[in-house]
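Right, one structure below, let's go through it.
The values are calculated or read from the model by the stated rules, or taken from the named source; none is laboratory data. Quick caveat, the model's predicted, so the values are computed rather than measured. Note that we place each Cβ from the backbone using ideal geometry, even for glycine, and neighbour counts take in every protein chain shown. To get the accessible areas, we keep the full protein, side chains included, count just its heavy atoms, and leave off ligands, DNA and RNA. Shrake-Rupley method; radii C 1.70, N 1.55, O 1.52, S 1.80 Å.
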Amino acid sequence: MIFETHAHYDDEAFDKDREKLLETMHSHGIEKIINVGASLKGVRDTVALTERYPFVYGAVGIHPDEVGSLTEEDMKELRSYCDREKIVAIGEIGLDYYWDKENHETQKKWFVRQMDLAKETGLPIIVHSRDAAKDTLDIMKAERADHLRGVIHCYSYSKEHAREYMNMGYYLGVGGVVTFKNGKRLKEVVEYAPLDYLLLETDAPYLAPEPYRGKRNCSVYLTYVAQTIAQIKGVSYETVVETTRKNAEKLFKI
Ligand code: NI
């Protein structure tokens with residue numbers, strides 16, 4: 001069964017059929033799901049989803065696009081969720097210079113602050129990094145993120161950077177992009193990285209794999225991602241599903 005390590009079922013894209021969709025996950029081979037918070041509201045909704053569905057786990061964190069109005073009070077609220085059994089990570093946190101919604105110093109400040117939360121609680125981190133390769137790595141090194149555990153979600157950088165992250169003990173999150181015709185760089189990374197360092201993730205409702213590119217994504221489509229990884233690495237589909245599941249269980253201690 002598949003372990004989905006990154007989805008946003010709190011998103012309004014699922015408002016009309018969330019319950020129906022989540023109830024069909026098991027019959028489609030999806031065993032566990034980590035719902036990832038991106039805003040304060042998203043975090044609260046994530047906690048609620050973990051209470052409602054036995055197979056849904058949660059990550060609490062604020063996405064770099066959403067850090068503009070954060071306060072220390074908000075950090076206290078995040079901290080209060082961390083002791084719950086089904087909250088298994090801090091995320092998604094990081095830097096996004098592609099949308100560039102908040103200035104870089106603000107993004108860096110809250111990335112570091114939320115890494116502190118991970119240090120305090122012992123939870124792994126789920127890192128979002130887009131068009132910010134150098135700063136992300138520099139900050140993580142300066143903050144001794146090698147003492148933490150985690151995943152670089154929606155991995156989009158070079159093989160060389162992948163090596164650096166794997167040396168720090170980090171996993172690489174692989175999703176729909178690996179099936180895209182223009183996903184050459186990610187295909188190279190997947191070929192290069194040992195399967196022991198990969199996690200399956202959708203980022204649903206975003207980034208649906210081929211043949212659903214551009215449509216609303218959901219965890220069921222991870223079968224296409226796993227198939228593509230199996231082809232690239234020359235292993236069976238079952239090997240990809242089982243190994244990435246074990247990787248996720250180890251990282252998130254589930
Ligand atoms: Ni995400």
Revision key, fill the gap. Every listed condition ((1) within 15 Å of the ligand (Cβ to nearest atom); (2) touching a residue at least 40 places away in the same chain (Cβ under 8 Å); (3) surrounded by fewer than 23 Cβ atoms within 10 Å (Cβ to Cβ); (4) not in a loop (DSSP other than H, G, I, E, B)) holds for residue 33 save (3)
Practice item. List the number of the failed condition for residue 123; all other conditions in (1) aliphatic (A, V, I, L, M); (2) out of contact with any Lys or Arg (no Cβ under 8 Å at 6 or more places or on another chain); (3) over 21 Å from residue 4 (Cα atoms); (4) open to solvent by less than 40 Å² (accessible area, probe 1.4 Å) hold. Key: (3)
**Study point:** Residues of region 9-29 that turn out to be surrounded by fewer than 23 Cβ atoms within 10 Å (Cβ to Cβ) and in contact with a Gly (Cβ under 9 Å, 6 or more places away or on another chain), as a count
**Key:** 1
Practice item. Among the residues of region 54-72, write down those that are open to solvent by less than 10 Å² (accessible area, probe 1.4 Å) and either outside any loop (DSSP other than H, G, I, E, B) or out of contact with any Ser or Thr (no Cβ under 9 Å at 6 or more places or on another chain) (or both). Key: 56, 58, 59, 60, 61, 64
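Please enumerate the residues belonging to region 190-204 that are within 20 Å of residue 32 (Cβ to Cβ) and either within 10 Å of the ligand (Cβ to nearest atom) or hydrophobic (A, V, I, L, M, F, W, C) (or both).
Residues satisfying the conditions are 195, 198, 199, 200, 201, 202, 203, 204.
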Review point. Is there any pair linking a residue in region 234-248 that is of a type in the set (A, V, I, L, M, F, W, C) to one that is open to solvent by less than 70 Å² (accessible area, probe 1.4 Å) and not in a helix (DSSP H, G or I), with Cβ under 6 Å and at least six apart or on different chains, and which?
Key: 241/2; 248/3; 248/5; 248/199
Practice item. May I ask you to list pairs of residues, at least six apart or on different chains, whose Cβ atoms are under 8 Å apart, with the first in region 121-132 being within 11 Å of the ligand (Cβ to nearest atom) and the second being in a loop (DSSP other than H, G, I, E, B) and open to solvent by 10 Å² or more (accessible area, probe 1.4 Å)? Key: 128/63; 128/154; 130/97; 130/98; 130/99; 130/154; 130/156
Check your understanding: How many of the residues in region 145-177 are away from the ligand (no atom under 16 Å from the Cβ) and part of a helix (DSSP H, G or I)?
Key -> 12
Exercise for review: Collect the residues in region 148-162 that are within 19 Å of residue 248 (Cα to Cα) and either open to solvent by 40 Å² or more (accessible area, probe 1.4 Å) or of a type outside the set (Ser, Thr, Tyr) (or both), keeping them in residue-number order.
Suggested key: 148, 149, 150, 151, 152, 153, 154, 162
